[in-house]
Each structure stands twice: as C-alpha cells, then as structure tokens.
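The values are calculated or read from the model by the stated rules, or taken from the named source; none is laboratory data. Quantities reported herein were computed from a predicted structural model and do not represent experimental measurements. As a convention, Cβ positions derive from the backbone with ideal geometry for all residues, glycine included, and neighbour counts pool all protein chains shown. Ligands, DNA and RNA are excluded from the accessible area calculation, which covers all protein heavy atoms including side chains. Shrake-Rupley method; radii C 1.70, N 1.55, O 1.52, S 1.80 Å.
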Amino acid sequence: MSVGRLPTGRRLLVALGGLAVAALLAVELLFPANPITDIAVVLATIVVDANYVSSVLRLTVPIAFAALGGIFAEKSGVINIGLEGLLIISAFTSLAAAAALGGGDPNQTQLWLGFGIAVLVSTLFALLFAIVCIEFKADQIIAGLAVWLIALGLAPFASKVIWGQVNSPTIGTFDDWTVPLLAEIPFVGPVLFDASPMVYLLLVAVAASWYVLNRTAFGRWIEASGENPKALDTVGVDVRKVRYAGVLLSGFLSGIGGAGLAIGRVGQFIGGGTTMINGRGWIGITAYLFGNYNPVGAFGGSFLFASLDALQFRLQQVGYNVPSDLIGIIPYVTVVVVLAFVGRTRIPSAAGEHYESGEE
Amino acid sequence: MSGDDAEDSVDGGGDSGGRFGRTLGRLVDASAVERILISLAALVLSVVVGTLVILVSGLVLSPCPSTPFASIPGVGAFCYDPIEVYRVLVVGAFGSTYNLGITLKETTLLVFTGLSVAVAFRAGLFNIGTQGQLVLGALGTGLGVVWAAPFVPAGLVGGVVLAAFGLLAGALVGGVWGAIPGALKAYADANEVITTIMLNFVATGLALTLVSEVFKDPETQNIQTRAVPEHAEFPPSLLGVQDFSIFVLIGGIALAVGVYWMLRGTTFGYDLRTSGEQPDAAEYGGVDAKRMTVTSMALSGAIAGIGGAVYVLMVAGYWQEGIPSLGFDGITVSILAGNNPIGVLPASLLFGALKGGSLAIEFELAVPQELVGILRGLVILFVAMPEFFRMIGIRYDYGDDATVAADGAGPEDPGTDRDSGPTDASDDDEGGEDR
C-alpha cells in the first residue's frame, strides 16, 4: 500500500492543478469584465457554505458509485465502459418499480423496495455483460458500448410503454437521515449528519471498497485476476469466477448510483436525449482513472467533478448571468484537461484480454 | 465449454501476430465474408430478441388500448404483434416513394458518419466523438455559407461555389475538432474513448452558446442560425422528397469508394491500417505513429464535418438546436460494416431503413420508436461476440465449414485459423491497452 499511495497522491495533485487551471480559464472566459479576485471571493464563500458542500455530496453519489464499480470490474480484468448504461437502467427501474408498488405515490418502504429492485436489475444487466465478455469472448469495449446503447434505447422505450412519454411522473424521494446531537455541530453537522441515506451509503461503500481491495484475500484475487491471471490460476483460484464477481460488483454499485440519483435526489426518471444520467457514468470512469483505481482517489475525483456541476447552479443563483450551456461544459472540459495532464494511467496488464484456463 | 475449445484459443492468441503479418492480404479477403456472415447472424438474433422485447412490452402495457393480438389466460394480453411491428417497419421504410425517400435521406447522412468512424477504427482509434465533430462541422458550414453568400453571385454557379465552400468549412471545423483528441492521445496519452465522449458534450454546449449568444437568427424564437440562401442548398432531386438529393447520396458512395481506395491502394492508407493493426510493426517500418494518430483523427473528424455540412445543406438549411444523433449511429454503422468503407453503404441503408420505419411503428401501431434504438444496441452486442456464433455452430454440429465461417477464419485453413475472428477483433479495436 505504501508503494501505491505516493503515485495516487501525486496524481491527485496534478489533477487538482489541472482543475485549478481549467477553473481559472473558465472564470477568465466567463467574466472578462470582472476582476478575478471578486470571483474568487464569491467562490470562497460558496465553497465554505455547508449547503453547497451537502449538495455536492449528493451530486457525487451517482458518479462515485459508478467509479467504484468500474474499479472492481477493471481491476479483475474486464473493462466495463457500459457503466453509463447501468446507471440509466437502474435509474429507470427504481422509478418504475417504486411507482408500480406505490400506485403513483409510494411511501418510504416502497421507495426502498424500488431501490432494491433497481440494484438487482442493474446487477442482472452486468451479469449479461459478464457472460458476453467471459463466455463468448466479446470485445469488451464494443460490448460495453452496446450496453450503453441498449440502455439508451430501452429506458425511454419502456417509459413510453408505461407512462406514455419518455419522462416518468414525479414521486417522492428518500427522507434525509439526521443523527441526533451530531447534526448540531457547525458545518460538519449539516453536511455529514443530516444527509441523504445515499450519502451515508456512499461513504460506507468507499471505505468498504478500499478495505476489500487492500486488506482481504478477495481483493488480492481481484488484483491478480487483472494483473496476472495465470498466477492466480496456478494457485487454484478460478479466474472466471473472480471476473464474474468483479463485473457483478460493478453492476451492483452502479445500480445504487443510478437508483440513488433517481429516487434518492430527483424523484423522477428523465429519458429524453442522453437521459438524466447525462454522462455521469463516463465521468465516473475518468474519476477512477485519475484516482488510479484507488476507491478513495476515485471518490475524490468524483467529488471534484460534482463540485463543478454544483458550481454552475450556484453561480446562477448568486446572480451571474452567464450562458448556462457554457457553464454546463466546464466539468467535461475539466475531464479532458485532467486527462491530458494525468496522461497514461497504468491499467491492469491483463485487462481487456480473455483468459482461458489451460487445465479446464 | 469444451477442452478442445480452450486449447484452440490459447494457441491462436500466441501466434496470431505472426500469422497476421504473413497473411494480411488473405485474411482481409477472408474476413470480408466472415464479417458479412457475422453481421447477418447478429441482425437475425437482434430481430429475435427484439421480438421478445415487443412481446414483453405488450404484456406490460395490458390492458391494451385496442384489441390484443394474443392473450394467455392468467398471464395477460400481448398488445403488440411482433410480425405486424416488423411488417410496418419495413413498409414504413420502403413502402412508398415518399418513405423510400426518407430512408435514403437517413442513409445518406449515415454514410458520412459511418465512414468517419470506420477511418478512425482502421487506424486503431475509437472515435466516439463523431457526433461532436458533426455538430461543430455543421455550425461551421451554416455560419460559413451565410457569411460568404454576399460575395458570391446567385444562380447555379454561385450555388455550387457556396455549397463547395460550405462542405470545405464543415470538413475543416470537424477536422480540427477531431485532431484535438488525436493530439491528446498522441502527445499526452489521453485515452481517446473518454476524451471524444467528453468533447461531444463540449461541442454541443459550445455550439449552443455560440448560436444563442452571438449568431442567433433574430427572427425566430428557436436557437438556430440564419438560413443559408436557397441556391446554396442541395436541390431536392428524385422521389420528390424535400430533404433528399440523389447527388449527395452518389457523392457519399463515391466517398466510400474513395476511402476504400485510400485504405487499400495508397501508401498512406497502408500506413494508417498498419498503425491500427500492428502499431509496433508500423513504427518499425518508419511510420511516425504520433503524427499518424493526429492525422487519422483529423481525417475522421473532417468526414464527420462533411456529414454535418450535408445535414445543413441538404436537410435543415441552418444550424439548429437538437441535431439528431447521427454520429452515434455512425458507430453502429461502422461496427456492423466491420469497419469496411464499402460495407458502410449497406449498413447505412439498413439503419436508414430502421429510422424511416421507426416513425411508422409509432404513428401506426403506437409502438415507441425507441424500439429501433434497442435493436441498434443489440446488433452491436451480437457483432461484438463472434465466439457466440461459433459455439452455436459447434453445439449443433453444422460441420467445419459452418463453424469456421461463423467465427472468422477463412475456409481455406480451418485447423489453425479457427479463432482468428475473436482474436483479430480484439486486436483491431484495442481500447484497453492505451488508457
């Protein structure tokens, strides 16, 4: 671990530098008339605002869960670029299931049931992807692309069948969970102890993923399955099973992310254009790439992108009349800039390749 | 999975590089046949799975708005008749000259985006950014032609000059936008799959901002540029469909042949293919791999930009918000065509027909047109797994010929070439190694 930590830290530093450059450029671009200092003051006050940080954490949920899932799949040797599709599927399913259970006005229990069904369906989708990649040796990139395209067609299609239009009706969202006493702490309280259950779930998932990958036998198998499957095979562990586990975990985690967005925050499925997921799965991939496959780093990356996303709402609230489309591209520009700075990420050496046991 | 199976692919993986080098020419010929078979099999399977989707969605919908096509007591009613859906889909695509015109219009647009993706694929680059290159190329055309119009006399000659200028502007803007991820890949090792996807979002946002803030047509509420003068638009010709010009389709076919010739018959094309298929060999042979990456992405972007120009000059007449997802469809077209420029033509026709027919199924049968999007994804999924067809071949013991043909080796050499299909596919489309 001590070996792995340094590059991750440096990577994040570089990423932060890239972000700063991108942000400065954006500011320069957006407000030619305003001195940068003014903006900096506004930004500073926004960033220390507990409301802002809370909303960033909520926006982090789908991105970070997709990123965590992507880590497990890719570390095990199966590149899953279909994360975006899994988010779309689970976002839709959560709404459809909860609405069906609750007759249009589901209560909290029914919302949670819908959430569970969505996670299950997303995992099943991932299973399909795993079978295609592992049994039928499909090209992983093209198959992942197919998962995305199928989801992009299936979710709006099903929406139209069920609701007659690509968007679902609005239903309720999960109630926030408040921890008594701790929620009273200034700043930390409202951010961490009076939050959406999805935020708690995310923090737990990040810690658990880190622990599983770095401290358990299963984590070592995942690592070996992507780096040196032959060695893993030699010691008697079934590479195929480990890879199935990795891909299924990516479906499970993405399922939480997509459902967490749809019934955790928005309360509706929006199926027009790129759907309500709108590239978050792709950003998740970038987040774990520059987090160098470390769950904590991936969370940091997701948080940064989410904060840029939240910034655009905030700047408009504060009253800067800038074209929303232009602000909307900042996260994407940042991804490109960051990727250019971070450059080649060392991916697991056997990722993308099929593995056949010689003794089968 | 049988043991014989496993052994096979281990062998193949080991020596595929050498074999590939030795018999590049022969394999390309053999793979044309096998690719066609795989594509056809993928289509058939997609239709089968699509049938299930239609049945299940009809079941979900019940009680049906009109008479159900079948019902099972205790289970429910199937509202949609799959055969009827596919029939309407085909009739909607080809049933009348008007419908045929719509289909050919879509086909024409897809030829350009399909070729754009195919060129990049051939160079070993996964250009998912055709959509963004097309959107900005279209904007370049729209603005360029409106800007140049006053300097050019009206009439046929002026129209031809303007249209040519518009195509050039589209190609230039698309090419520059395509070169960016190419340069990032070559000089900063940034994975082009991610950068091109991100740049799609950026392109759309940028174009929307530019048009709504600077270049908006003041006479309309919509976010669109001023219309290009009528004499610069491609005149509707044949079939009487407003937005289809047979000349553009012919131009698209000519471009496909040209790209095919470029890849097969020129040194540049050879270098481009080798750098995609065997980067090390290309580098050894004196190809500047970095420059080749930028060049082929720029070329791919330029073709996408021409597609955008065609959209403006043949279909819309101006740049407008909500350009259809022709670029993403281009990926599907190219994958189905096995990244072969000539194969792009029938693949475009197929997806053009699906698009033409999708309107009909929604209009006539109230089946959501997004069904076509599902079929599109399924086709890609099945094309990605040639091994699947090989296993079916083995299972039902259709003999060596069928087996070999489905999985990708030439019939000449069934023993050793067995698994070249999947192996080569993964070599071609390498995205994994270069993150």
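What to note about this one:
- The single condition among (1) within 14 Å of chain B (Cβ to nearest Cβ); (2) open to solvent by 10 Å² or more (accessible area, probe 1.4 Å) that A:Arg314 does not satisfy is (1).
- Those residues of segment B:181-207 which are surrounded by fewer than 23 Cβ atoms within 10 Å (Cβ to Cβ) and more than 19 Å from B:Ala309 (Cβ to Cβ), in sequence order: B:Ala183, B:Ala186, B:Tyr187, B:Ala188, B:Asp189, B:Gly205
- Candidates B:Ala190, B:Ala227, B:Ala164, filtered to the one that is of a type in the set (A, V, I, L, M, F, W, C), over 23 Å from the mean Cα position of the chain (by Cα) and within 14 Å of chain A (Cβ to nearest Cβ): B:Ala190
- Unmet requirement for A:Gly116, which otherwise passes all of (1) in a helix (DSSP H, G or I); (2) among the small types (Gly, Ala, Ser); (3) surrounded by 24 or more Cβ atoms within 10 Å (Cβ to Cβ): (3)
- Qualifying residues in segment B:69-85 (those that are assigned to a strand (DSSP E or B), among the hydrophobic types (A, V, I, L, M, F, W, C) and touching a Pro at 6+ places or on another chain (Cβ under 9 Å)) - the one surrounded by the fewest Cβ atoms within 10 Å (Cβ to Cβ): B:Ala77
- Scan of segment B:326-352 for residues that are on the phi < 0 side of the Ramachandran plot, away from chain A (no Cβ under 11 Å) and open to solvent by less than 10 Å² (accessible area, probe 1.4 Å), ordered by number: B:Leu326, B:Gly327, B:Gly330, B:Val333, B:Pro341, B:Val344, B:Ala347, B:Ser348, B:Gly352
- Residue count for segment B:45-59, restricted to those that are at pLDDT below 90 and either polar (S, T, N, Q) or loosely packed, with under 14 Cβ neighbours inside 10 Å (or both): 1.
- Selection count where residues are over 20 Å from A:Ile150 (Cα atoms) and either more than 8 Å from chain A (Cβ to nearest Cβ) or under 16 Å from the mean Cα position of the chain (by Cα) (or both), scope segment B:379-393: 4
- Taken over segment B:356-378, the criterion of being more than 7 Å from every other protein chain (Cβ to nearest Cβ) and part of a helix (DSSP H, G or I) is satisfied by B:Gly356, B:Gly357, B:Ser358, B:Leu359, B:Ala360, B:Ile361, B:Glu362, B:Phe363, B:Glu364, B:Leu365, B:Val372, B:Leu375.
- Only one entry of A:Leu111, A:Leu152, A:Leu120, A:Leu128 meets the criterion of being within 14 Å of chain B (Cβ to nearest Cβ) and in contact (Cβ under 8 Å) with a residue 40 or more places away in the chain, and that entry is A:Leu152.
- Among (1) crowded, with 24+ Cβ neighbours inside 10 Å; (2) closer than 21 Å to B:Val117 by Cβ; (3) touching a residue at least 12 places away in the same chain (Cβ under 8 Å), the one test that B:Val176 misses: (1)
- Taking segment B:123-179 as the range and being in a helix (DSSP H, G or I) and of a type in the set (S, T, N, Q) as the test, the residues that pass are B:Thr130, B:Gln131, B:Gln133, B:Thr141.
- Test: A:Val212 is within 29 Å of A:His354 (Cβ to Cβ), open to solvent by less than 10 Å² (accessible area, probe 1.4 Å) and touching a Phe, Trp or Tyr at 6+ places or on another chain (Cβ under 7 Å): no
- Which numbered condition B:Thr295 fails, given (1) surrounded by fewer than 23 Cβ atoms within 10 Å (Cβ to Cβ); (2) hydroxyl-bearing (Ser, Thr, Tyr); (3) within 25 Å of B:Ala32 (Cβ to Cβ): (3)
- Only residues that are touching a Phe, Trp or Tyr at 6+ places or on another chain (Cβ under 8 Å) and of a type in the set (Gly, Ala, Ser) were counted across segment B:357-386, and they come to 2.
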